[in-house]
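The structure appears below as structure tokens.
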Amino acid sequence: MSEMINETNNTFSHKENLSDLMIFVACYLVLFTVALLGQLIGVHWKTWLSGSEDSQNIFMGIEAAVYTFMSHII
């Protein structure tokens with residue numbers, strides 16, 4: 001019974017999932033632009049974005065930075 005209650009409390013509505021996705025995409029595009037410009041200029045952009053310091057490539061770094069950023073705003 002308690003497992004059933006936990007499952008219903010953890011489900012999100014469609015609007016919440018869609019809004020989280022829209023926030024993720026918007027943040028990803030902004031941070032990707034910043035990282036790409038930094039990469040093209042030749043500066044160390046990973047120090048600018050929190051969470052991306054130990055990433056292996058630009059996409060993993062941006063994703064980590066977006067999740068870090070989203071944890072602060074949501």
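Each value in this text was obtained by applying a stated rule to the coordinates, not by laboratory testing. The shown structure was predicted, so the numbers you read here are calculated from the model rather than taken from an experiment. All Cβ positions, even for glycine, are placed from backbone atoms using ideal geometry, and neighbour counts span all protein chains on display.
Which members of segment 46-58 meet the condition of being in a helix (DSSP H, G or I) and under 11 Å from Leu31 (Cβ atoms)? First the steps, then the outcome.
The initial filter retains those residues of segment 46-58 that are in a helix (DSSP H, G or I), namely 46-47, 58.
Scanning segment 46-58 gives a single hit, Ile58.
Cβ-Cβ contacts under 8 Å between residues 6 or more apart (or on different chains), taken from a first residue in segment 15-35 that is without any contact (Cβ under 8 Å) to a residue 40 or more places away in the chain to a second residue that is of a type in the set (S, T, N, Q) and surrounded by 11 or more Cβ atoms within 10 Å (Cβ to Cβ), are listed as Ala35/Ser52.
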